[in-house]
Amino acid sequence: MARNGKNGGINTRLAHAGNDPRAYHGFVNPPVVHASTVLFPDAGTMAARKQKYTYGTRGTPTTDALAEAMNELEGAAGTIIVPSGLAAVTVPLLAFLSAGDHVLIVDSVYNPTRRFADSMLARLGVEVEYYDPLVGGGIAALMKPSTRVVFTESPGSNTFEMQDVPAITAAAHARGAIVMMDNTWATPLFFRPLEHGVDISIHAATKYPGGHSDVLLGTVSANADCWKRLHDAFITLGACAGPDDVYQVLRGLRTMGVRLQRHQESALAIARWLEGRDEVAQVLHPALPSHPGHAIWKRDFSGASGLFSFVLAGGGTREAHAFLDALRIFGLGYSWGGFESLAVDVSLADRTIAKGDYPGPVIRLQIGLEDVEDLKADIENGLRAAGGR
Ligand SMILES: *Cc1c(COP(=O)(O)O)cnc(C)c1O
């Protein structure tokens, strides 16, 4: 369907992936199709469901446009579009796990993923086990005959541990398990999991693809082996997304390349600057040479997005709150990937393995599209307040 740009550079592909203006009278963008019912021309066609679209839950030209764009970006056989990033985690886990199965989940996982595993997967009879994000090929020792899924997220949520994804996929596949990856941080611009052996790549499209903090959406892209089972589960669960949200994300994709370039540059500039500050013990950003996962990042990733953390040199909750309360440009709020900068005091209370041994509170920054000098001045105020000055 996509006529243009398949072989072009990333920004060319982002500009043209997933729609064919000639299919819609030349309009540049695909229509936003609001639909439940789709009409059939006659009873025979209806009985055989022998036409491209049959019902709103099963896809529309709008969802197809985004799915095709994601297929191109991820190198996937198929993509489902679901109503949130969290649904993009839960739907594939439900698709591939059954009672009696064992799932290995990285300990630095996005917290709501852990909550889903510990509550619903456990209740359904799935054995849930967490592993060290730095395990690499050592995951082989944790595999059981019943291990069906290895769930990865790299870098890890909030603490940015880099996982050796190729080593993990090789070990998992050797023992008959599939590998899922939450690839939200890198976006398909900076990491293409399926090319590194991952079977299912997950995105909170809420973040950079949406880009404006005004929409919730998730995408799940599968390789050829896993596509049918993923798609069947999606249809069975009825977890379809609304057309306006799907359209918003497709719209966001068009500018994601230039936005990410800016997020990347600004975040790195601020991370480097923070590394030189006395009030800061450590900066957790995989593109910094000082980061323990830097070699893996450099080997596998082609860029870094705008989210990282730093560790205050000493102090606790009081200092962390003083830092946050002094900020005027950074907002205090969850989520990330939008145009505006955000800060959060990170809780590692859910960790069982990757607790780190940080000398002070961990603060996560989402670096938005504002001017770097203004952001630095804001952070400087925060650091001064945290130091009681
Ligand atoms: C935000 C996020 C999600 C969930 O996305 P929502 O759209 O907010 O549900 C999943 N994984 C990661 C890594 C995230 O940061």
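The values are calculated or read from the model by the stated rules, or taken from the named source; none is laboratory data. Note that the structure is a prediction, hence the values are computed from the model and not measured. Glycine gets a Cβ as well: all are built from the backbone with ideal geometry, and neighbour counts include every protein chain shown. These accessible areas exclude ligands, DNA and RNA; they are computed on the full protein's heavy atoms, side chains included. Shrake-Rupley method; radii C 1.70, N 1.55, O 1.52, S 1.80 Å.
Checking the structure you have, find out if any residue of region 259-275 is part of a loop (DSSP other than H, G, I, E, B) and closer than 30 Å to His212 by Cβ. No, region 259-275 contains no residue that is part of a loop (DSSP other than H, G, I, E, B) and closer than 30 Å to His212 by Cβ. For region 131-148, the set of residues classified as in contact with a strand residue (DSSP E or B) (Cβ under 9 Å, 6 or more places away or on another chain) and more than 16 Å from the ligand (Cβ to nearest atom) consists of Tyr131, Asp132, Val135, Gly138, Ile139, Leu142, Met143, Lys144, Pro145, Ser146, Thr147, Arg148, listed by residue number. Of all residues in region 306-329, those satisfying the criterion of being of a type in the set (Gly, Ala, Ser), in a loop (DSSP other than H, G, I, E, B) and in contact with a strand residue (DSSP E or B) (Cβ under 9 Å, 6 or more places away or on another chain) are Gly306, Ala313, Gly314.
The criterion of being under 26 Å from Met256 (Cβ atoms), surrounded by 15 or more Cβ atoms within 10 Å (Cβ to Cβ) and either in contact with a Pro (Cβ under 6 Å, 6 or more places away or on another chain) or of a type in the set (Asp, Glu) (or both) holds for Glu370. Flag not set for Pro209, criterion: under 12 Å from the mean Cα position of the chain (by Cα), in a helix (DSSP H, G or I) and over 18 Å from Phe151 (Cβ atoms). Name the single residue that is nearest to Gly211 (Cα to Cα) among those in region 308-321 being in contact (Cβ under 8 Å) with a residue 60 or more places away in the chain and open to solvent by less than 30 Å² (accessible area, probe 1.4 Å). Ranking the candidates gives Phe308 first. Picking from residues in region 161-204 that are acidic (Asp, Glu) and within 14 Å of the ligand (Cβ to nearest atom), the one that is nearest to the chain's Cα centre (by Cα) is Asp182.
When the residues of region 205-233 are filtered to those that are of a type in the set (A, V, I, L, M, F, W, C) and away from the ligand (no atom under 16 Å from the Cβ), which remaining residue is surrounded by the most Cβ atoms within 10 Å (Cβ to Cβ)?
Per the stated criteria, the residue is Ala222.
Look at region 189-207: where a residue is closer than 19 Å to His263 by Cα and a partner is open to solvent by less than 20 Å² (accessible area, probe 1.4 Å) and assigned to a strand (DSSP E or B), sitting 6+ places away or on another chain with Cβ atoms under 7 Å, you get His203/Gly218; His203/Thr219; Ala204/Gly218; Ala205/Gly218; Ala205/Thr219.
Per-residue answers, yes or no, for (1) of a type in the set (Ser, Thr, Tyr); (2) closer than 18 Å to Met180 by Cα; (3) away from the ligand (no atom under 16 Å from the Cβ):
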site	(1), (2), (3)
Asn11	no, no, yes
Val28	no, no, yes
Pro31	no, no, yes
Ser36	yes, no, yes
Glu68	no, no, yes
Pro92	no, yes, no
Ala99	no, no, yes
Ile105	no, yes, no
Ser108	yes, yes, no
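Leu86 - would you say it is in contact with a helix residue (DSSP H, G or I) (Cβ under 8 Å, 6 or more places away or on another chain), closer than 20 Å to Leu237 by Cβ and open to solvent by 30 Å² or more (accessible area, probe 1.4 Å)? Yes, satisfied. With the structure loaded, tell me whether Thr255 is away from the ligand (no atom under 14 Å from the Cβ), open to solvent by 10 Å² or more (accessible area, probe 1.4 Å) and hydroxyl-bearing (Ser, Thr, Tyr) or whether it fails that test. Judged against the criteria, Thr255 is a match. Go through region 63-73 and give me each residue that's touching a Lys or Arg at 6+ places or on another chain (Cβ under 8 Å) and surrounded by 24 or more Cβ atoms within 10 Å (Cβ to Cβ). Leu73 - this is the single residue of region 63-73 that is touching a Lys or Arg at 6+ places or on another chain (Cβ under 8 Å) and surrounded by 24 or more Cβ atoms within 10 Å (Cβ to Cβ). If the condition is being farther than 17 Å from Pro359 by Cα, in contact (Cβ under 8 Å) with a residue 60 or more places away in the chain and away from the ligand (no atom under 16 Å from the Cβ), then region 323-337 contributes Asp325, Ala326. Selection of region 89-128 for residues being assigned to a strand (DSSP E or B), within 14 Å of Thr152 (Cα to Cα) and open to solvent by less than 30 Å² (accessible area, probe 1.4 Å) yields Val103, Leu104, Ile105, Val106. Within region 298-307, the presence of at least one residue that is aliphatic (A, V, I, L, M), in contact (Cβ under 8 Å) with a residue 24 or more places away in the chain and within 15 Å of Phe160 (Cβ to Cβ) is confirmed.
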